[in-house]
Amino acid sequence: MHAFHDLESSQVDIDESLVGSEGETAVVRNQVYGLLGDPQMPSRIQRREKAARNRLTAAILASCMILGGIFGFVGAYFYDLLKGGGSTGFDTEVMYQSVVRTAATSTDADRAMTVEEAASIIKQAVVEISTETTVEGWGFGQRTRPGAGSGVIVTGDGYIVTNHHVIDRADNVAVRLPNGATHPAEVVGFDIDSDLAVLKIDVSGLTPAVLGNSTTLRVGEAALAVGNPLGELGGTVTLGIISALDREIDVEGQMMSLLQTDAAINLGNSGGGLFNLYGELVGIINAKSMGSGIEGLGFAIPVNTAKPVIEDIIAYGYVRGRVSAGLEVVDVTTPRMAMMYQVGATGLYIINARDSQLQTWDRIVGLNHHEVRDFASFKSAVNQYSVGDTVTITVLRGNERITASIVLTEMTPNMPNLS
């Protein structure tokens, strides 16, 4: 079985035990018959008619300019109304979807760019991310673990989207812009279910990515991946195609519906952008298949999936409607971790409970009729229910089996790392 992994930088000192074909447009040209321009017409009449034609042409052009100005003003006025007025400015606007292009309506302004043209534009919207995380050392106390990933600028005033796993539990986060400047970043919020997070840096005048429409992507369409492979090669652009749509992939225990691409993706590309040849962002890179002989299997979160998550995090600090059991838990996956936490077996343990019936280091083994073996199975069980539902949690406390009824709540910003 192939393993799908999120993409942390190789700089990270990872200790697993511790943590239609083209449409055709027909053009019909009107044939004008009569005396105008007839070579047999006397020259004086020709000059008179030519002058008349010139006056008519000038009048038409003047009318077009006036009407164009009127319609442009009206269009801009209603556009401004739809965008909420002009008080906020372009920088603070959250992303937008582009129009759908067709062969019949395509213009030179709408045409697909060359790879070189697209790369020069999209590179300005992708940043490098570096993190520092405090972890427990084996027998040596705490130590700082560096990490790295990628991010995509989504507003001109400094909002940046990346993967949750890039910044998960990080004590310090910094962003390096395409111009080389490095800035400290604040974590605005994150969403574990979609593996997305939003950062904010105190900078304006940035070049944000233009969002495309991932629902109109076609298998075989060109795709450009931009990111920070190996945590030290920021701004790297690789070329491939959209290999598949709506792949149901288990990424570190979380089932996700992802785009598949064969563009080269490596450790450190997490949170970077997948773009089309119109220079539009169509996905947020978050995983690849790793193993002997496996190449060209990369995955990205579709931009249509990411957009409402990003907007909710920017507006509210979290994604509304996400359900939570209100329990802070740790997934003990190896005997070594069990020794470190001084528990008797692997499994999912409560380390902070808001319900008085439950205690720290209770091991969760069930939720209603669902068996719980680890964090992934518990999260999957919780997601079967809605905010406000009452469920029964079953835990092991030593050799005693205990049940408790809890009411599911909405995941909010003051509940970090709760399931």
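Read-outs throughout are calculated quantities, based only on the coordinates presented, and are distinct from any laboratory measurement. Just so we're clear, the structure is a prediction, and the values are computed from it rather than from any experiment. Don't worry about glycine lacking a Cβ; one is built from the backbone with ideal geometry, like all the others, and counts go over all protein chains shown.
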Problem set entry | Signed unit charges on C-beta, dipole axis of segment 323-410, positive-most listed residue ALA404, MET339, SER380 | MET339
Seminar exercise, completed: To the nearest 0.05, the calculated FRET efficiency linking ALA376 and VAL219 through their beta-carbon distance, R0 being 22 Å, is 0.15
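DSSP loop (so not H, G, I, E, B), at most 15 other Cβ within 10 Å: list which trypsin sites (Lys or Arg not before Pro) in segment 288-383 pass both filters. Numbers along the way, then the final one.
Numbers: sites: LYS288, ARG320, ARG322, ARG336, ARG354, ARG363, ARG373, LYS379; in loops: ARG320, ARG322, ARG354, ARG373.
Listed in order of number, the matching sites are ARG320, ARG354, ARG373.
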Exercise. Can you pull the Rg over Rh of segment 323-410, Cα-only, Kirkwood?
Worked result: 0.95
Seminar exercise, completed: Env charge @ PHE275, Cβ radius under 13 Å, K,R +1 / D,E -1, value -2
Problem set entry | Gain upon complete extension [GLU132, ASP193; 0.36 nm per residue less C-alpha separation] | 19.7 nm
Exercise. What is the gain in length, in nm to one decimal, between VAL387 and TRP361 on full extension, counting 0.36 nm per residue of separation less the C-alpha to C-alpha distance?
Worked result: 6.8 nm
For this session: Once you have a ≥ b ≥ c as the square roots of the Cα gyration tensor eigenvalues for segment 119-215, tell me rounded if a/c is under 1.5, and otherwise prolate or oblate according to whether a/b is larger than b/c.
Result: prolate
